[in-house]
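Structure first, then comments.
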Amino acid sequence: MEGVGFTKALYAMIYREVIRYRRAYSRMLGSVLNPIIWLIFFGIGWASLFRDNIFRQIFLGLDYITFLAPGIVMMAIFSASFLGGVSMLWDREFGFLKEILVAPSSRSASLIGKSIGIAFTALVQGILILMVTLPLTNNVNLYGILPAIIVSYIVSLGFTSLGMAIASRMNSMEGFHLIVSVVMMPIIFLSGAFYPINGLPDWMTILIYGNPLTYGVDLVRYLLTGVYAVDPMLSLIGTILFTTVFTALSAYLFEKTTI
Amino acid sequence: MGRKKVIEVLNLTKKFGDFTAVDNVRFDVYEGEIFGFLGPNGAGKTTTINMLITLLKPTSGEAYVAGYNVVKEPYRVRRMIGVVFQDPTIDRYLTGYENMYIHGLIYGLPREKIRNRIDELLKFVDLYEFRDKPVKTYSGGMIRRLEIARSLLHIPKILFLDEPTLGLDPQTRAKIWEYIERLRYEHNVTIFMTTHYMDEAEKLCDRIAIIDHGRIIALDTPENLIKMVGDEVVYVRIDGQPIDIDKLRGINSYIKDVEIRSNQIIFSVSNSSKAIPTILEHLVGLGVDVQEVKYHKPDMGDVFLKLTGRDLRDDEGSWKDMVRTVLRRWR
Ligand SMILES: Nc1ncnc2c1ncn2[C@@H]1O[C@H](COP(=O)(O)OP(=O)(O)O)[C@@H](O)[C@H]1O
Ligand SMILES: [Mg+2]
């Protein structure tokens, strides 16, 4: 890879995203609110209906809120990460992109740094939501929280990179939002965040197993509650693999970006 | 000329579709000079800069910046140059200091050195007191100054300034001119700048390339370009007093020609400020009652007019350029 100071450029972009995030409280609040509304109005509603113990076996032995909570956290992290790609379009709009493109440091370093920073801000949101959610759940494994956070971060970096890869091929916000909103809902629904993924129609099962988010959701649920649908080792490999591919793809596309 | 070339441009062309924005341009820039691209909106100035700074691939032709090929060795070129783009490229949510700090990092400078140089440069552009304010609170002129300071942080060999005073008020423009002039002495940098202001080009540049519709139509020092359109002219109003034209010849060596037209004497001179005092002295000696003295010094505007038949002052780009600009905004 060409260019000077890979780690410095990486650090510069992380630093920038973190400062920007700290200065935008409203953004943080807005993005935390939405998943909490889901959890309360969607989650408590169904949880009351599924209160009877006979339903537990559908949800792999958990009560519905405890089953849903990791899914909601992952939904929040996924949305914040994926939409984070739009920040590249803002940089294009406000000119900052040129500052990066004309610098002698490796463009990949700048891009990956940016993704690491945005993924980190998405993770912070996820942790906030997890903390709000925990009191509603039962028997969550507290020792699993730290590993779950690490896995969440890997997922977050993957989807930030995917958002960046899409954004680097776009030159309008409208185009980006169009693509992202079309694929975002299916990715969330087909990830096992809201309902268990065993015993579904074949076509759906295929889509679910092709969905990169599935592995992250299942692994985080396993770490927090001990239940899983996919072998946790397989989920970990899948998650790491997807993140590596998306990060490499975004870096490759960004190297070729023009103004 | 034995001077070292720091930019070498050979038949550079850029086409957008079948529209030729830069057409077979060829020029050299020498170490230590301020070289200007002067031309109306849409002439191809920014497109040329974008090719030289490795952000746009030429359709054909070659360019070398600091000895490196802009297409084949972009990372090497980027290390040698500083750029102030036509439109701001600052992060508005960060402070002036933070913007500079990030710049230093992505140019691979050691942290200690970055911190020291930021303060020095912010003082140079009189922004030191504003270093910790977010850039969104800065005025247009302050943003420009910050960008100039930022572009110097990594000590570039060649600085590209694209319309450095576009849209700024007269005082701010004068201030920026002052920085640019000091730059090359205090920071020892070669400057490639573009402008559509004639006064700016004439005042700052050692050599000017006049560009129109993507072509360089003239390239020389401002003095030589201006000489091309003719001499300076001194008008002395004498309101019909009788005078012998022969007595007006040979007053001094700056005078090239004299004629008398109804109520005024018209001198063509090579240097009006030197010629005027002796002319007046001579006329008073002849007992002539001088009513009024005026002179006209041709400027870059006259040069542009002569070369293109159009007035650069009125020429804010043709309507086609404007449509294109608007379309680009909405793309
Ligand atoms: N990306 C582009 N696509 C199509 N046309 C362009 C593009 N960039 C510039 N142009 C056109 O090329 C011409 C030169 O533009 P530019 O270099 O920006 O001029 P200047 O900087 O001298 O005002 C203009 O007519 C402009 O509309
Ligand atoms: Mg321009």
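The values are calculated or read from the model by the stated rules, or taken from the named source; none is laboratory data. Since the structure is predicted, the reported quantities are computational estimates derived from the model, not experimental observations. Because the Cβ atoms are built from the backbone with ideal geometry, glycine has one as well, and the counts that use them run over all protein chains shown. Keep in mind that these areas ignore ligands, DNA and RNA; they rest on the heavy atoms of the full protein, side chains included. Shrake-Rupley method; radii C 1.70, N 1.55, O 1.52, S 1.80 Å.
Structure above, values below:
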{"quantity": "0 to 90° range, to nearest 10: angle between helix A:173-189 axis and chain A longest Cα axis", "calculated": "30 degrees"}
{"quantity": "Rounded tilt (10° steps) of A:107-133 against the dominant C-alpha axis of chain A", "calculated": "30 degrees"}
{"quantity": "Orientation-averaged projected area, Cα convex hull of segment A:182-246 (nm²)", "calculated": "4.6 nm²"}
{"quantity": "Which of B:Leu225, A:Leu241 is most accessible, then next, and so on - probe 1.4 Å", "calculated": "A:Leu241, B:Leu225"}
{"quantity": "Pairs from B:Lys45/B:Lys227; A:Lys8/B:Lys15; B:Lys113/B:Lys203 whose Cα-Cα separation, in the structure shown, is over 27 Å", "calculated": "A:Lys8/B:Lys15; B:Lys113/B:Lys203"}
{"quantity": "Volume per residue that the Cα convex hull of segment B:59-148 spans, once the total is divided by residue count, Å³", "calculated": "119 Å³"}
{"quantity": "Cβ-placed point charges (K, R +1; D, E -1), dipole of chain A about Cα centre in debye, nearest 20", "calculated": "620 debye"}
{"quantity": "Cα-only radius of gyration and Dmax that characterise segment A:65-214, units Å", "calculated": "17.1, 54"}
{"quantity": "Karplus (6.51, -1.76, 1.60) ³J(HN,Hα), θ = phi - 60°, over segment B:206-212, in Hz, Gly and Pro reported as x", "calculated": "6, 9, 10, 9, 8, 10, 8"}
{"quantity": "Volume per residue of the C-alpha convex hull in segment B:19-108, rounded to whole Å³", "calculated": "139 Å³"}
{"quantity": "Label-zone membership for segment A:219-253, site A:Ile179, 7 angstrom Cα→C-beta point, backbone N under 16 Å", "calculated": "A:246-253"}
{"quantity": "Computed log₁₀ I(q)/I(0) - Debye formula, equal Cα scatterers, no solvent, segment B:231-297, q 0.21 Å⁻¹", "calculated": "-0.79"}
{"quantity": "Helix-only CD estimate at 222 nm, as mean residue ellipticity for the protein assembly as shown, using -39500 (n - 2.57) per DSSP H run (n ≥ 4)", "calculated": "-16500 deg cm²/dmol"}
{"quantity": "Label-point gap, in nm, between B:Glu120 and B:Glu181 - each point 7 angstrom along Cα→Cβ", "calculated": "2.4 nm"}
{"quantity": "Along principal axes, Cα extents of segment A:2-255, largest first, whole Å", "calculated": "63, 38, 35"}
{"quantity": "Debye log10 I(q)/I(0) at q = 0.15, 0.17, 0.19, 0.23 Å⁻¹ for segment A:13-139, Cα point scatterers", "calculated": "-0.74, -0.86, -0.99, -1.28"}
{"quantity": "Percent of Cα-Cα distances greater than 22 Å, calculated over segment A:108-185", "calculated": "39 percent"}
{"quantity": "Trypsin sites (Lys or Arg not before Pro) lying in DSSP loop within segment A:48-144, provided at most 13 other Cβ fall within 10 Å", "calculated": "A:Arg51"}
{"quantity": "Cα gyration tensor of chain B - equivalent ellipsoid semi-axes, whole Å, descending", "calculated": "44, 24, 19"}
{"quantity": "Other-chain or far-sequence residues with amide H under 5 Å of B:Val22's (modelled H)", "calculated": "B:Lys14"}
{"quantity": "Angle in degrees between helix A:232-255 and the longest Cα principal axis of chain A, rounded to the nearest 10", "calculated": "20 degrees"}
{"quantity": "The protein assembly as shown - convex hull of the alpha-carbon atoms, volume per residue in Å³", "calculated": "189 Å³"}
{"quantity": "Accessible surface of A:Arg169 - all protein chains present, 1.4 Å probe, nearest 10 Å²", "calculated": "150 Å²"}
{"quantity": "Buried solvent-accessible surface, both chains (A, B), 1.4 Å probe, Å² to nearest 100", "calculated": "3000 Å²"}
{"quantity": "Number of partner chain Cβ atoms within 10 Å, mean per residue of B:105-116", "calculated": "5"}
{"quantity": "For B:Asp220, solvent-accessible area (1.4 Å; no DNA, RNA or ligand), Å²", "calculated": "60 Å²"}
{"quantity": "Trypsin sites (Lys or Arg not before Pro) lying in DSSP loop within segment B:1-94, provided at most 16 other Cβ fall within 10 Å", "calculated": "B:Arg3, B:Lys4, B:Lys72, B:Arg92"}
